[in-house]
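Asker: If you scroll down you'll find the structure; I have some questions about it.
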Amino acid sequence: MLAHAAAAFARWAKAGFAMVARPVYQHRLATCHACDHLGDAPAERLVYRLLSNAGKEHKICTQCGCFVIRKAKLPTENCPVASSTNPQESRWGEPKTQR
């Protein structure tokens, strides 16, 4: 998980720490909240305790392990699950990318 997070951070830094537009973020987050792969961060895992925001949502994607409220903001990231209607797109409706 740490290697995945470090790689995501490097991609985000290379993109100038940009964030997606608010409507894109809201769409991504709504998609995640409706997804069957949304779960609670494992409380016993130190990395999740260290990275969580006190008092904020602690939901993660069980497919990639990322906090959805953070990942959904990053233009360099994508949902790891393919769309059920178009396997070339993620569930966010964006083109799948190889990482």
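The values are calculated or read from the model by the stated rules, or taken from the named source; none is laboratory data. On a predicted model such as this, the values are computed, not experimentally measured, just so you know. In this analysis, Cβ positions are derived from the backbone assuming ideal geometry, glycine residues included, and neighbour counts consider all displayed protein chains.
Asker: Six or more apart or on different chains, Cβ atoms under 9 Å: show the pairs whose first residue is in the range 58-81 and more than 16 Å from ALA7 (Cα to Cα) and touching a residue at least 24 places away in the same chain (Cβ under 8 Å) and whose second is outside any loop (DSSP other than H, G, I, E, B) and of a type in the set (Gly, Ala, Ser).
Answerer: Here the result reads LYS59/GLY39; CYS61/GLY39; THR62/GLY39; VAL81/SER90, each pair linking the range 58-81 to a residue that is outside any loop (DSSP other than H, G, I, E, B) and of a type in the set (Gly, Ala, Ser).
Asker: When LYS73 is evaluated against the numbered criteria (1) in a loop (DSSP other than H, G, I, E, B); (2) at pLDDT below 80; (3) among the basic types (Lys, Arg), which criterion, by number, is the only one it fails?
Answerer: Failing condition for LYS73: (2).
Asker: Please specify each residue of the range 1-35 satisfying the condition of being surrounded by fewer than 10 Cβ atoms within 10 Å (Cβ to Cβ) and in contact with a helix residue (DSSP H, G or I) (Cβ under 9 Å, 6 or more places away or on another chain).
Answerer: LEU2, the sole residue that qualifies.
Asker: Still on this structure, please answer the following. Mind telling me which of the residues ALA54, ALA10 ends up being more than 14 Å from the chain's Cα centre (by Cα) and either modelled with pLDDT under 90 or outside any helix (DSSP H, G or I) (or both)?
Answerer: ALA54
Asker: Working only within the range 13-39, note down all residues that are part of a loop (DSSP other than H, G, I, E, B) and in contact with a strand residue (DSSP E or B) (Cβ under 8 Å, 6 or more places away or on another chain).
Answerer: Passing the criteria: CYS35, HIS37.
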